[in-house]
Amino acid sequence: MKALSKRQSEILSFIEKYIEENGKGPTLEEIASAFSFSSAAAHYAVNALVKKGSLEKDEGKNRAITLCEEAREARENVKIPLFPEEPCPESIGKKETDRSCYISKMMAKDGAYAFIVHSESMKEAGIMPGDIAILSQSTDKVRNGDIVLADSGENNERLELRRYRKLPDYVLLIPDNAIMGIRKSNSVKVYGILIAIRRDYGLPSART
């Protein structure tokens, strides 16, 4: 891989972050907008990064930009369980699912799993049924405002994504949906902290 100029390094960093957060590459228009230059300049910059071996491009697709194979292997080769719906506590612990998806090593460093959202508990935050929620299993540093999958200790409770808020004597699990109630408990157990949402079902997936 050839050395990059400062601007090329900045553009590559933007593309890497975009792919990590969205699961797909940016368009030339999005790159142009991010750096306040023309689409033609974005096209030239991307082609230069392709020639230097930092990117690959499929001319037949709108979102044609991907990282080079070496970078993809470093970032996107971690397979995690993908549950078909909000998992129960028992299935999270045993990872009982025959589906999986791929995420970056950085996202998976503390352990992770994913599920297809069915609840509308966070719809006003833009998280809709059909989205893929990716959660970290490292829950010891949960903070107020984090979106979590948690159990408030109520009988026959369905696990749903909610905002976590700890008060002196209890914890609130707050939906971003005005028609749903807040759960209040002093025995909340958090099973995962949301780290990403995906909507693109064209992302790499596999059956185990």
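The values are calculated or read from the model by the stated rules, or taken from the named source; none is laboratory data. All of these numbers come straight from a predicted model, not from anything done at the bench. Positions of Cβ are backbone-derived with ideal geometry, glycine not excepted, and every protein chain shown enters the neighbour counts.
Within the stretch 1-60, track down each residue that is assigned to a loop (DSSP other than H, G, I, E, B) and of a type in the set (V, I, T).
If the condition is that a residue be assigned to a loop (DSSP other than H, G, I, E, B) and of a type in the set (V, I, T), then T27 is the only one that fits.
Out of everything in the stretch 110-157 that is more than 17 Å from the chain's Cα centre (by Cα) and assigned to a strand (DSSP E or B), what residue ends up being farthest from E20 (Cα to Cα)?
Only one residue fits best here, namely D151.
Just the residues that are touching a strand residue (DSSP E or B) at 6+ places or on another chain (Cβ under 6 Å) and either in a loop (DSSP other than H, G, I, E, B) or not aliphatic (A, V, I, L, M) (or both), please, taken from the stretch 158-180.
L159, R162, R163, Y164, R165, Y170, P175
Which ones in the stretch 87-109 are among the β-branched types (V, I, T), closer than 16 Å to L149 by Cβ and not in a loop (DSSP other than H, G, I, E, B)? Walk me through it before giving the result.
Going residue by residue through the stretch 87-109, those that are among the β-branched types (V, I, T) are 92, 97, 103.
In the following step, the residues that additionally are closer than 16 Å to L149 by Cβ were identified as 92, 97.
Listed by number, the list holds a single entry, I92.
Residue by residue, here is whether (1) within 26 Å of the chain's Cα centre (by Cα); (2) at pLDDT 80 or above; (3) under 30 Å from R99 (Cβ atoms) holds:
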position	(1), (2), (3)
L12	yes, yes, no
E16	yes, yes, yes
L67	yes, no, yes
E70	yes, no, yes
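I'd like the residue in the stretch 149-198 that is farther than 23 Å from E90 by Cα and among the small types (G, A, S) and, out of all such residues, is surrounded by the fewest Cβ atoms within 10 Å (Cβ to Cβ).
By that ranking, first place goes to A178.
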